[in-house]
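A quick write-up on the structure given underneath.
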Amino acid sequence: MAVPQHITLIVDGEEHQVTAGTTGTELFADQRDVVVIRVNDELKDLDTELVEDGARVDPVAIGSPEGLNVLRHSAAHVMAQAVQQLRPDAKLGIGPYVTDGFYFDFDVEDPFTPEDLKKLEKMMLKIVNSNQQFRRRVVTGDKARAEMADEPYKLELLGLKGESAEAELDAELDGAEGASVEVGAGELTIYDNVDRKSGDVVWEDLCRGPHLPNTKIISNAYALTRSAAAYWRGDEKNKQLQRIYGTAWPTKDDLKAYQERIAEAERRDHRRIGAELDLFSFPEELGSGLPVFHPKGGIVRKAMEDYSRQRHADAGYEFVYTPHITKSRLYEVSGHLDWYRDGMFPPMHVDEVTDDDGNVVKPGQDYYLKPMNCPMHCLIFESRGRSYRELPMRMFEFGSVYRYEKSGVIHGLTRVRGMTQDDAHIFCTRDQMKQELSTTLDFVLGLLRDYGLEDFYLELSTKNPDKYVGSDEIWDEATNTLAEVAQASGLELVPDPGGAAFYGPKISVQARDAIGRTWQMSTMQLDFNTPARFELEYQSDDGSRQQPVMIHRALFGSVERFLAVLTEHYAGAFPAWLAPVQVVGIPVAEAFNDYMYDIVDKLRAAGIRAEVDISTDRFPKKIRNASKDKVPFVLIAGGEDSDAGAVSFRFRDGSQQNAVPVDDAVGRIVEAVANRER
RNA sequence: GCCUCCUUAGCUCAGUCGGUAGAGCGUCUCACUCGUAAUGAGAAGGUCACCAGUUCGAUUCUGGUAGGAGGCUCCA
């Protein structure tokens, strides 16, 4: 019976004969960075006994994406153990890994304080240093329920698993934001944390795993970053649990690099730079999410808009203007009041006439601030009969819209209540739509590149089965057309099921910025429904009346948001063509002020935004000020320069070029602006 | 909208265990006239977000409102 049976494993690509029951720990004993193994595409604990003949076994290093996930998941367990030491009443929610870290949700009487987080970090260090083992144990449903009797949320997850078919459950749990980490497909498992010395089980959690072999690997390259509330299973109808976020890395240097990355993102925060460079502000008097642009920010914005207008004109767009408010009927026809009433500012009720007794003699009317421009563009289309010869008709507007965003979501310029969309609607025939989408995508990407974004991928948002209008055939046709255009672009295409607006599917362009973050930028939506609702039509070449197709598209999304993205992308150091001040002239001493002014006058005559710093600051201080303002070109002139009819450059990176003849310097700056050099 | 935290000079922040406040930067004045990231001295500047309550007395304690931060939910 106990005869050792030999099996063949394909270990890291090579065949090996081993005794059945050999563990990953034994196989990879000399590879210290291996923390889990992959057996036939499935991640397993390192101490898994291997019994299947012919199985593929691959080592997973701690630094690999999967290894990092396991590290962070295990760190979440250690944190939960510490939390239950500090707060024995804490009930466990879920605790998955996320990008760069992990979190764990707890139901506790009192929320965690920053002091608690410090205490918990120390308690975690104790656990980490005591080198507990993570030990996996398969349990039956009854056994799991018995052991988790004091953990109501775990029982709820077990209940879900019991009730529904496996596949369904996994889908549901995945939807519930990481819950599948707790009770995955297949068998139920509990992980015991076993004390090294005593062998006692000090903590346990219902968990799918896998985990690190022991807590020591977590080392002390972890940190608890913040606490916040989160709805249980991601549903705002449920109770809010207290969530603690943390991060964990293979080494202290990795942790430091991560923290430096976070600090860099903070330094680039457009709200901070916007204040430092005097670009915009959010006066409390106006209300939340309603920005004003100061003169410097106004220049950046105007430069962005001017270039956009020029490009749109070149691309055959026509410019339209529409009002900010309208009677309610427009948004009844468009369907917005049905779908987005909560996201719109409440109506203004006007023109009601009552008699002396308060009876309504003449009913009033509701006016709404407009949340979208498209219905108004439809009205322009239908203002007279249209011929197929006019199509495609491309209407562009910097359209200001107002949305009643929930107070908790407003964020700088990226999520506001009043914004200006660079909105266009293209009305075309069905035959034209594919070509039109394809040229629009090229146009969009080209323009984004001109603003300095280079790295893109596409997302295809498809029908939300609970939130759409129109027939399935129309949705299929629209979706397929968008998919074909997206694929033809050669860019990576990520599906976004259910992400579409109610009136049609969309492609969105996601851009990566200078520090690798992605932002949703442009969107292109194909819409058969709005033209139908407005009963738009044109006369075709055969004399029949046809309905046009409508393409919604915005490049910036909103001018405000795009300015925020560019501010963070450039860390405030805008390319010269966008910079609020393009040139600051600094005379070495007052005696050279006039010489400097002559140069700056030449620049101004060439359309350059140039200033002379004639403040009483000393020379080095002026250099410092210009640096802090991130001015692209600093021009310096003293005796050496004026004698030679020259000027000296100081660039933003601190490098210099001296004794440049004045005309050359002017030409160079004019060229840099005209070519939108970075 | 929900949870936690925050709001003190133009900005960044100290501080007051309840007796109406400080620093640095910035601003202004004076002196300095200088070659690549901070010259020195002096001055002005605050209803301690707003509104109530408790108190002899509130910037401080309590409640509410507004605004902000980080999350959650949402994002046409």
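State yes or no: is residue A:269 outside the structural domain of residue A:630 (by TED's automatic domain parsing) and away from RNA strand B (no atom under 16 Å from the Cβ)? No; evaluated as a whole, the condition is false for this residue. None of A:665, A:672, A:579 is of a type in the set (A, V, I, L, M), assigned to a loop (DSSP other than H, G, I, E, B) and either open to solvent by less than 20 Å² (accessible area, probe 1.4 Å) or assigned by TED's automatic domain parsing to the domain that holds residue A:452 (or both) except A:579.
Among the residues of the range A:316-350, the ones that are within 20 Å of residue A:420 (Cα to Cα), more than 16 Å from RNA strand B (Cβ to nearest atom) and either buried (at least 17 other Cβ atoms within 10 Å of the Cβ) or hydrophobic (A, V, I, L, M, F, W, C) (or both) come to 3 in all. Is it true that some residue in the range A:640-658 is more than 15 Å from RNA strand B (Cβ to nearest atom), open to solvent by less than 80 Å² (accessible area, probe 1.4 Å) and assigned to a loop (DSSP other than H, G, I, E, B)? For the range A:640-658, residues more than 15 Å from RNA strand B (Cβ to nearest atom), open to solvent by less than 80 Å² (accessible area, probe 1.4 Å) and assigned to a loop (DSSP other than H, G, I, E, B): absent.
Summed over the range A:535-569, the residues that are more than 15 Å from RNA strand B (Cβ to nearest atom) and among the aromatic types (Phe, Trp, Tyr) give a count of 1. Among the residues of the range A:53-109, those identified as under 22 Å from residue A:157 (Cα atoms) and among the aliphatic types (A, V, I, L, M) are A:70, A:75, A:76, A:78, A:79, A:80, A:83, A:90, A:92, A:94, A:98, A:108.
Only a single item in (1) more than 7 Å from RNA strand B (Cβ to nearest atom); (2) in contact with a Pro (Cβ under 9 Å, 6 or more places away or on another chain) is not met by residue A:636, and it is number (1). Selection within the range A:582-595: residues that are over 17 Å from residue A:629 (Cα atoms) and within 11 Å of RNA strand B (Cβ to nearest atom). The member of this set that is surrounded by the fewest Cβ atoms within 10 Å (Cβ to Cβ) is A:590. Among what's in the range A:373-419 and is in contact (Cβ under 8 Å) with a residue 12 or more places away in the chain, surrounded by fewer than 20 Cβ atoms within 10 Å (Cβ to Cβ) and of a type in the set (A, V, I, L, M), pick the residue that is nearest to RNA strand B (Cβ to nearest atom). Step by step, filter the range A:373-419, then rank; the result is A:410.
Of the numbered criteria (1) surrounded by fewer than 20 Cβ atoms within 10 Å (Cβ to Cβ); (2) within 16 Å of RNA strand B (Cβ to nearest atom), the one residue A:202 fails is (2).
Being assigned to a helix (DSSP H, G or I) and either of a type in the set (S, T, N, Q) or farther than 28 Å from residue A:310 by Cα (or both) is true of residue A:435.
Restricting to the range A:469-490, what's the tally of residues that are free of Cβ contacts under 8 Å to residues at least 40 places away in the same chain and of a type in the set (A, V, I, L, M)? Here the count works out to 1. Taking the stated definitions as given, is residue A:247 polar (S, T, N, Q), surrounded by 15 or more Cβ atoms within 10 Å (Cβ to Cβ) and not assigned by TED's automatic domain parsing to the domain that holds residue A:556? When the stated conditions are applied, residue A:247 passes them.
The values are calculated or read from the model by the stated rules, or taken from the named source; none is laboratory data. No experiment lies behind these values; they were computed from the predicted model shown. Don't worry about glycine lacking a Cβ; one is built from the backbone with ideal geometry, like all the others, and counts go over all protein chains shown. Accessible surface areas use protein heavy atoms only, side chains included; no ligands, DNA or RNA. Shrake-Rupley method; radii C 1.70, N 1.55, O 1.52, S 1.80 Å.
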